[in-house]
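A.B. asks: The structure that follows is given in the form of structure tokens.
The values are calculated or read from the model by the stated rules, or taken from the named source; none is laboratory data. If you're wondering where the values come from, they're calculated on a predicted model, not measured in any experiment. Virtual Cβ from ideal backbone geometry, glycine too; neighbours counted across all protein chains shown.
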Amino acid sequence: MDWRDTPEQAAWRGEVQAFLKNELPDFGEIDRYSRPGGGEMKAAWDKWRAALASRGWIASAWPKEYGGAGLSPIDQFILNEEFAEARAPQMGGMGVMMLGPTLITHGNDDQKKTHIPRILDGSVQWCQGYSEPGSGSDLASLQTRAIRDGDDFVVNGQKIWTSGAHNADWCFMLARTDPDAPKHRGITYLLLDMKSPGITVRPLVNMASQHHFNEVFFEDVRVPAANAIGEINRGWYVGTTTLDFERSSIGSAVGQRQNVERNLKWLKENKATIAPTDYDAARMQWADRWIEVQTATLLSYRIISMQAAGKIPNSEASIAKGYNTELTQRIARSAVKMLGMNGQLTDRSAPLKGNVAMGYLGSVSATIAGGTSEIQRNIIATRGLGLPRA
């Protein structure tokens, strides 16, 4: 495989790099789960969003008629790679990545006109109501009920691990509308206003004292039947809709490399304060991590090469996901070992601004969120290697 850009790809990469050089504000450290505050930060954020929107880059994979750029997977890959290199935030979140493609494919004209412009301009934030306390990896076993009552559905139940629900204006969710149907049927895809009476959002604070996730409780919440996307009781199939998004996770691979580089820089700059045996041990650890980061990058290239050839990555995506998340944890452990006792400090005055300890705490969930490593290994075994399920 020749990983060099074609002349057309090189020109596109140059265009993206020039855009980033000219338009990217200095955001500092951004919490991607929070909305920007006021003053100069909000002005910079609004300017950045406008620059992306003018090129259709907020939803780069969407068709142009819906405000996207209609980019091919390989052009999306280059865009994502350069944005990751520049540490540039991308806009849209779940509204762009998940709800937008569903509306484009299954929504009616009124639903598209109401919601798509507000996804693109950022005036409405979305969260996803899928996982439940007893329905995570086996999502189709969800029990949140939506009972038809005239022109409304009445929703009762609970969702969990709902990212950004404390800031969301609306929620797209799956609810069971036919309890007697097989579990993959009898589910309907609903859009729900988070200001509706009967909704309670309870924060879930992780061990790093960060608030990203939430529990959401629904008690007799009325949702207009007009907010159902696609056919009633066919929501499972509606919810699996995607456009031709680039899904190589190149941004994660680039971020991991940048993390390794930050730690290596600290190690070199502080060599004089570290015992020679500890320095040598850390140096060998980071040599391993550097090699593993290159492997993660090649796994991303493998996926995008498949997509560019019109193939659908299956077990290949699970290999990349499992490898990347476990690598995140190995990088975090190496950083903690390098700093010794200081690796436990989260204070901003600590070495590397306390990011080592925070990164270690945050990495624990990496092999759980988005499909556990055990699930990924099952997919690799059955779909990739053709092994029996039992």
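A.B. asks: Regarding region 129-143, can at least one residue be identified that is touching a Leu at 6+ places or on another chain (Cβ under 9 Å), of a type outside the set (A, V, I, L, M, F, W, C), free of Cβ contacts under 8 Å to residues at least 40 places away in the same chain and assigned to a strand (DSSP E or B)?
C.D. replies: Taking every residue of region 129-143 in turn, at least one turns out to be touching a Leu at 6+ places or on another chain (Cβ under 9 Å), of a type outside the set (A, V, I, L, M, F, W, C), free of Cβ contacts under 8 Å to residues at least 40 places away in the same chain and assigned to a strand (DSSP E or B).
A.B. asks: Filter region 123-141 down to the residues that are in contact with a Ser or Thr (Cβ under 6 Å, 6 or more places away or on another chain) and surrounded by 14 or more Cβ atoms within 10 Å (Cβ to Cβ) and list them by number.
C.D. replies: Those that are in contact with a Ser or Thr (Cβ under 6 Å, 6 or more places away or on another chain) and surrounded by 14 or more Cβ atoms within 10 Å (Cβ to Cβ): C127, S135.
A.B. asks: Quick one: in region 212-221, of everything that is buried (at least 17 other Cβ atoms within 10 Å of the Cβ) and not aromatic (F, W, Y), which residue is modelled with the lowest pLDDT?
C.D. replies: Top of the filtered list is H212.
A.B. asks: A further question on this structure: What are the residue pairs meeting all of these: first residue in region 196-208, first residue assigned by TED's automatic domain parsing to the domain that holds V154, second residue acidic (D, E), Cβ atoms under 6 Å, and 6 or more apart or on different chains?
C.D. replies: Here the result reads G198/E219; G198/D220; R202/E215, each pair linking region 196-208 to a residue that is acidic (D, E).
A.B. asks: Further, regarding this structure: For Q307, all conditions in the list (1) surrounded by 13 or more Cβ atoms within 10 Å (Cβ to Cβ); (2) modelled with pLDDT of 95 or more; (3) not in a loop (DSSP other than H, G, I, E, B) hold save one; what is the number of the exception?
C.D. replies: Here Q307 meets the rest and fails (2).
A.B. asks: Does region 292-323 hold any residues that are among the charged types (D, E, K, R) and under 14 Å from R257 (Cα atoms), and which are they?
C.D. replies: Step one: of region 292-323, the residues among the charged types (D, E, K, R) are 292, 302, 311, 316, 321.
Listed by number, the list holds a single entry, E292.
A.B. asks: Here's a check for you: in region 96-122, which residue that is touching a residue at least 24 places away in the same chain (Cβ under 8 Å) and part of a loop (DSSP other than H, G, I, E, B) is surrounded by the most Cβ atoms within 10 Å (Cβ to Cβ)? It would help to see each step written out before you state the result.
C.D. replies: Start the filter on region 96-122 by keeping residues that are touching a residue at least 24 places away in the same chain (Cβ under 8 Å), which leaves 96-107, 110-112, 115-117, 119-122.
Retained after the next criterion (residues that are part of a loop (DSSP other than H, G, I, E, B)): 107, 121-122.
On the way: G107: 21, D121: 14, G122: 19.
Ranking the qualifying residues of region 96-122, first place goes to G107.
A.B. asks: Looking at the structure I just gave you, is K353 at pLDDT 95 or above, assigned to a helix (DSSP H, G or I) and surrounded by fewer than 17 Cβ atoms within 10 Å (Cβ to Cβ)?
C.D. replies: no
A.B. asks: Follow-up. Considering only region 301-339, state which residues are free of Cβ contacts under 8 Å to residues at least 24 places away in the same chain and either over 23 Å from W3 (Cβ atoms) or β-branched (V, I, T) (or both).
C.D. replies: Listed by number, the residues that qualify are I312, L339.
A.B. asks: When residues of region 1-42 are filtered for being modelled with pLDDT of 70 or more, basic (K, R) and in a loop (DSSP other than H, G, I, E, B), how many remain?
C.D. replies: Number satisfying all stated conditions: 1.
A.B. asks: For the subset of region 133-162 comprising residues that are among the acidic types (D, E) and modelled with pLDDT of 95 or more, which member is nearest to K195 (Cα to Cα)? Spell out the reasoning first.
C.D. replies: Residues of region 133-162 that are among the acidic types (D, E), as a first pass: 138, 149, 151-152.
Checking the rest, the ones that are also modelled with pLDDT of 95 or more come to 149, 151-152.
Numbers: D149: 20, D151: 19, D152: 16 Å.
Among those that are among the acidic types (D, E) and modelled with pLDDT of 95 or more, it is D152.
A.B. asks: Here are the criteria: (1) over 25 Å from D244 (Cα atoms); (2) part of a helix (DSSP H, G or I); (3) without any contact (Cβ under 8 Å) to a residue 12 or more places away in the chain. Tell me which single one L298 does not satisfy.
C.D. replies: It is condition (1) that L298 fails.
A.B. asks: What is the one condition in (1) touching a helix residue (DSSP H, G or I) at 6+ places or on another chain (Cβ under 9 Å); (2) aliphatic (A, V, I, L, M); (3) not in a loop (DSSP other than H, G, I, E, B) that I147 does not satisfy?
C.D. replies: If we test I147 against (1) touching a helix residue (DSSP H, G or I) at 6+ places or on another chain (Cβ under 9 Å); (2) aliphatic (A, V, I, L, M); (3) not in a loop (DSSP other than H, G, I, E, B), just (1) comes out false.
A.B. asks: Take A165 and tell me if it is surrounded by 16 or more Cβ atoms within 10 Å (Cβ to Cβ), under 30 Å from I331 (Cβ atoms) and modelled with pLDDT under 95.
C.D. replies: For A165, the condition - surrounded by 16 or more Cβ atoms within 10 Å (Cβ to Cβ), under 30 Å from I331 (Cβ atoms) and modelled with pLDDT under 95 - is not met.
A.B. asks: Still on this model: With respect to E269, is the statement that it is surrounded by fewer than 18 Cβ atoms within 10 Å (Cβ to Cβ) and either under 24 Å from F245 (Cβ atoms) or in the same structural domain as L79 (by TED's automatic domain parsing) (or both) true?
C.D. replies: no
A.B. asks: Still on this structure: Could you pull out the residue among T144, T177, T200 that is buried (at least 20 other Cβ atoms within 10 Å of the Cβ) and within 29 Å of V364 (Cα to Cα)?
C.D. replies: Checking each option against the conditions leaves just T144.
A.B. asks: Among the residues of region 315-325, is any surrounded by fewer than 15 Cβ atoms within 10 Å (Cβ to Cβ) and either in a helix (DSSP H, G or I) or more than 18 Å from the chain's Cα centre (by Cα) (or both)? Steps first, please.
C.D. replies: Step one: filter region 315-325 for residues surrounded by fewer than 15 Cβ atoms within 10 Å (Cβ to Cβ), giving none.
Within region 315-325, not a single residue is surrounded by fewer than 15 Cβ atoms within 10 Å (Cβ to Cβ) and either in a helix (DSSP H, G or I) or more than 18 Å from the chain's Cα centre (by Cα) (or both).
A.B. asks: Related question: Exactly one of these conditions fails for I229: (1) buried (at least 20 other Cβ atoms within 10 Å of the Cβ); (2) hydrophobic (A, V, I, L, M, F, W, C); (3) closer than 27 Å to Q294 by Cβ. Give me its number.
C.D. replies: (3) is the only condition that I229 fails.
A.B. asks: Pairs only if they're at least six apart or on different chains, beta carbon under 7 angstrom, first in region 372-390 and over 16 Å from E326 (Cα atoms), second not in a loop (DSSP other than H, G, I, E, B); list them, first residue then second.
C.D. replies: The qualifying pairs are I379/S315; I379/S318; R383/S315; G384/S315; L387/A381; R389/T382.
A.B. asks: Can you work out which of the residues in region 1-14 that are surrounded by 14 or more Cβ atoms within 10 Å (Cβ to Cβ) and under 26 Å from the mean Cα position of the chain (by Cα) is nearest to P89 (Cα to Cα)?
C.D. replies: Only one residue tops the list, namely R13.
A.B. asks: Find the residue count for region 232-267, including only residues that are of a type in the set (S, T, N, Q) and more than 24 Å from V356 (Cβ to Cβ).
C.D. replies: The number of residues fulfilling the criteria is 5.
A.B. asks: Taking the conditions exactly as written (hydroxyl-bearing (S, T, Y) and surrounded by fewer than 17 Cβ atoms within 10 Å (Cβ to Cβ)), does T372 satisfy them or not?
C.D. replies: On the way: hydroxyl-bearing (S, T, Y): yes; surrounded by fewer than 17 Cβ atoms within 10 Å (Cβ to Cβ): yes.
Answer is yes for this residue.
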